[in-house]
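Enquirer: Quick one: the structure is below, and I'll ask about it shortly.
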Amino acid sequence: MRKSALITGASRGIGRAIAIALAREGWPVCVNFLERRDAAESLVSELRAQGRAAMAFQADVADRGAVEAMVRAAAEELGPVELLVNNAGISHQGLFQDLGDADWARLLAVNLTGPRNAVLAALPHMLSEKRGSIVNISSIWGLRGGSCEAAYAATKAGVIGLTRSLALELAPSGIRVNCVAPGCVETDMVRVLGEETRAMLVEETPLGRLGRPEDIAEAVAFLASEKAAFITGQVLTADGGFIV
């Protein structure tokens with residue numbers, strides 16, 4: 001039976017690299033995006049030119065109905081979703097007391113409710129087939145906390161708790177659930193911090209560089225593969241030694 005991979009937040013950065021890596025491994029990929037239709041469609045065109053099966057779908061992961069529609073569309077065009085990568089996320093820098101209610105709610109909706117919505121949508125098929133893999137993208141800040149990023153860190157810690165709990169709950173059904181916790185990676189999320197902060201992060205990383213989106217993509221591809229068939233409930237930290 002045909003099967004597919006759904007990657008949320010896949011039009012650029014880490015999500016884009018994950019889609020490319022999974023397509024290379026033979027997965028038909030559904031590239032989810034919210035705003036960057038141009039980037040998502042460009043990626044799909046690139047993958048199709050390489051003979052890969054791919055599609056783009058616009059959906060706000062915080063909208064459960066939109067996510068359900070996306071999973072149905074992916075199943076119809078590419079095959080049922082048997083690999084789900086919850087990558088979509090947003091960040092916020094600033095003092096905790098300055099974070100407004102709307103920003104707090106949006107961070108929770110995208111970073112924590114988003115993965116919940118996607119899992120709920122993909123789970124019925126996985127349960128019926130008694131197979132499937134879910135890889136959630138957290139962050140090192142979800143493991144150690146981050147000054148001026150309390151809300152972001154809290155949501156990413158929640159993703160880790162969700163990962164471990166679902167791994168226990170779904171293991172009897174043959175579904176593996178794992179997590180990748182990236183360190184400081186060369187993405188828009190890090191670039192907005194400025195060159196001075198970027199240089200400081202490089203200095204604090206034992207390997208002496210920031211991560212590349214491809215570094216995270218390879219970790220996801222490994223956890224999604226049969227090479228990781230006996231691995232579930234784990235948090236793979238890909239951070240160049242940042243929090244050793």
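Enquirer: Protein chains only, probe 1.4 Å: how do CYS30, CYS148 rank by accessible area, largest first? It would help to have the intermediate numbers written out before the result.
Expert: Values: CYS30 0, CYS148 60 Å².
Largest accessible area first, the residues go CYS148, CYS30.
Enquirer: Next question. Compute the longest continuous run of the chain that contains no exposed trypsin sites (Lys or Arg not before Pro); treat a site as exposed when its DSSP state is not H, G, I, E or B and it has at most 15 other Cβ atoms within 10 Å.
Expert: Details: sites that count: ARG2, LYS130, ARG131, ARG209.
By the stated rule (loop sites, at most 15 other Cβ atoms within 10 Å), 3-129.
Enquirer: Here is a further query. Under the rule a/c < 1.5 gives rounded, and otherwise a/b versus b/c splits prolate from oblate, where does region 181-222 land using the Cα gyration tensor?
Expert: Details: a/c = 3.16, a/b = 1.65, b/c = 1.91.
Here region 181-222 falls in the oblate category.
Enquirer: Follow-up. Out of residues 5 or more away from ARG52 or on other chains, whose amide H comes under 5 Å of its own, with H placed 1.01 Å from N in the peptide plane?
Expert: none
Enquirer: Here's something else I'd like to know. Enumerate the amide H contacts of LEU236 below 5 Å, restricted to partners 5 or more residues apart or on another chain; note that Pro and chain-start residues carry no placed amide H.
Expert: The answer is CYS179, VAL180, ALA181.
Enquirer: May I pose another question? Leaving ligands, DNA and RNA out of it, report the carbon-plus-sulfur percent of the accessible area of the chain at a 1.4 Å probe.
Expert: On the way: 5930 of 11300 Å².
Roughly 52 percent, rounded to a whole number.
Enquirer: In a Debye calculation with equal point scatterers on the alpha-carbon sites of region 1-100 and no solvent, what is log10 I(q)/I(0) at q = 0.19, 0.25 Å⁻¹?
Expert: Each listed q maps to, in turn, -0.82, -1.35.
Enquirer: In whole Å, what is the distance between the alpha-carbon centres of region 112-141 and region 1-53?
Expert: First find each Cα centre; the distance between them is then 17 Å.
Enquirer: In addition: Name the long-range amide H neighbours of PHE57: under 5 Å, sequence gap of 5 or more, or other chain; modelled H, no Pro or chain starts.
Expert: The answer is VAL31, ASN32, PHE33.
Enquirer: Turning to a different aspect of this structure: Can you pull out the GluC sites (Glu not before Pro) in region 18-47 whose DSSP state is coil and whose Cβ has at most 11 other Cβ atoms within 10 Å? Kindly include the intermediate steps, with their values, before the conclusion.
Expert: Values: sites: GLU25, GLU35, GLU41, GLU46; in loops: GLU25, GLU35.
Taking region 18-47 and a limit of 11 other Cβ atoms within 10 Å, the loop GluC sites (Glu not before Pro) found are GLU35.
Enquirer: Moving to a separate point now. Over all directions, the average projected area of the alpha-carbon convex hull for region 143-244 comes to how many nm²? Could you put the intermediate results ahead of the total?
Expert: Working: hull surface 28.0 nm².
Computed as one quarter of the Cα hull surface, the answer is 7.0 nm².
Enquirer: In degrees, nearest 10, range 0 to 90: what is the angle between the Cα axis of helix 195-204 and the longest Cα principal axis of the chain?
Expert: 80 degrees
Enquirer: Follow-up question, since we're still on this one. So if I take the alpha carbon set of region 55-205, get Rg, then get Rh from the Kirkwood formula, what is the Rg over Rh ratio?
Expert: Working: Rg = 16.7 Å, Rh = 16.5 Å.
My calculation puts Rg/Rh at 1.01.
Enquirer: Let me ask something additional. Roughly how tilted is helix 213-224, in degrees to the nearest 10 and between 0 and 90, from the longest Cα axis of the chain?
Expert: Computed tilt is about 40 degrees.
Enquirer: Simple spin-label model, 7 Å along Cα-to-Cβ: ARG2 to ARG106 in nm?
Expert: With each label point 7 Å from Cα toward Cβ, the separation is 3.7 nm.
Enquirer: Compute the acute angle (0 to 90°) between the alpha-carbon long axis of helix 114-129 and the principal axis of greatest extent of the alpha-carbon atoms of the chain; round to the nearest 10°.
Expert: The angle comes out at about 30 degrees.
The values are calculated or read from the model by the stated rules, or taken from the named source; none is laboratory data. Since we're looking at a predicted model, the values are computed, not measured. Reconstructed Cβ throughout: ideal geometry from the backbone, glycine too, with neighbour counts over all protein chains shown. Just so you know, the surface numbers come from the protein's heavy atoms only, side chains and all, with ligands and any DNA or RNA stripped out. Shrake-Rupley method; radii C 1.70, N 1.55, O 1.52, S 1.80 Å.
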